[in-house]
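Here the structure is laid out as structure tokens; the discussion comes afterwards.
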Amino acid sequence: MAEPIPIRGGDAPEGSGRPKRKSSGPYLYAALRDLIVRAELAPGERLSETELGDRLGVSRTPVREALGRLRDDRLVEVRPQIGTFVSRISPQAVSDAQFIREALECTAVRVSAELADEESMAQIEENLRAQERAVARTDIDSWQLLDDTFHRSLCDLSGHPAVWPVNERAKSHLNRLRRLSLTMPDYLATMVDAHRAVSDAVAIHDPDAAEVALREHLRAVLREVPKIREQHPDYFEEP
């Protein structure tokens, strides 16, 4: 049986979408959110403003502000007189994120299936081939970036570019679960096959098939929850 892939993959490729070390609020917020999603700041871990500032090359003040936004997102929790901690994965937060993601992306893909042209499908095909190469070298970081690009491309193809930013923030909790699922044996290859099914339906302008394929794909991660909880019980809130 194949062994699980380590949670923390290698460095992302040059020019990737990973947040850089910048002191401005949005970049710092995105950087800390990325560290939480990637489990480099593990669920339940106590956070030090000073240590995070040193790690990211900024002062404590912007770190404090970014942690405030992450608290609003329920990604960190503040315990009075004790400290600030990375929130454990909440089944309710994951359920909320899944609901929002399905509502937005499945609606968008129906429109995209009607509007798809040869140029847009060629770009999506190029993305899928890059996904296959990332799977072949077991590069989780690169694959996850390509996965996000694939889904964003389908959303943007609908002609509603505002959908993706809303979707991206809403699904932070789901992304934490998705990150853990990527370590499951053969999971990445299965996801690429699912992406191709969605792409094929969009290419032939079949909104119904595109929605069915995408909805099935988006729900796949939920089927892995029992295995993920078994491997990482301390990462989750108590039932």
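Where a number appears in this text, it was derived from the coordinates with a stated rule and is not lab data. Remember, it's a predicted structure, so these values are computed and weren't measured experimentally. Positions of Cβ are generated from backbone atoms using ideal geometry, with glycine treated the same way; all protein chains shown enter the neighbour counts.
One table, with the values for the structure above:
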item: Farthest toward positive dipole pole in the range 25-86 [+1 Lys/Arg, -1 Asp/Glu at C-beta], among Thr84, Ala39, Leu52; result: Thr84
item: The range 25-86: C-alpha gyration tensor shape, a/c 1.5 cut-off, then a/b vs b/c; result: rounded
item: Net charge dipole size for the range 25-86 [Lys, Arg +1 and Asp, Glu -1 on Cβ; Debye, nearest 20]; result: 100 debye
item: Alpha-carbon centroid distance for the pair the range 198-238 / the range 51-75, whole angstrom; result: 31 Å
item: The chain - charge dipole about Cα centre, Lys and Arg +1 at Cβ, Asp and Glu -1, debye rounded to 20; result: 1120 debye
item: Residue of Arg46, Arg110, Arg178 that the Gaussian network model of the chain assigns the largest fluctuation, springs spanning Cα pairs under 10 Å; result: Arg46
item: Residue exposure sequence - Lys171, Lys227 - by fewest surrounding Cβ within 10 Å; result: Lys227, Lys171
item: Choice from Arg215, Arg152, Arg55 showing the highest fluctuation, given a GNM over the chain with Cα pairs closer than 10 Å; result: Arg55
item: Between the range 129-146 and the range 159-194, the Cα center-to-center distance that results, in Å; result: 13 Å
item: Extension gain from Arg79 to Gln92, taking 0.36 nm per residue of separation minus the Cα-Cα distance; result: 2.7 nm
item: Cα-projected label distance for Asp54 with Glu114, points at 7 Å along beta-carbon direction, nm; result: 5.7 nm
item: Computed [θ] at 222 nm, helices only, for the chain once each DSSP H run of length n ≥ 4 contributes -39500 (n - 2.57); result: -21000 deg cm²/dmol
item: Estimated FRET transfer efficiency when R0 is 35 angstrom, pair Leu128-Asp234 (beta carbons, to 0.05); result: 0.50
item: Most mobile of Gly57, Gly44, Gly68 in a GNM of the chain (Cα contacts under 10 Å); result: Gly57
item: Given charges at beta-carbon only (K, R positive; D, E negative), |dipole| of the range 54-178 in Debye; result: 980 debye
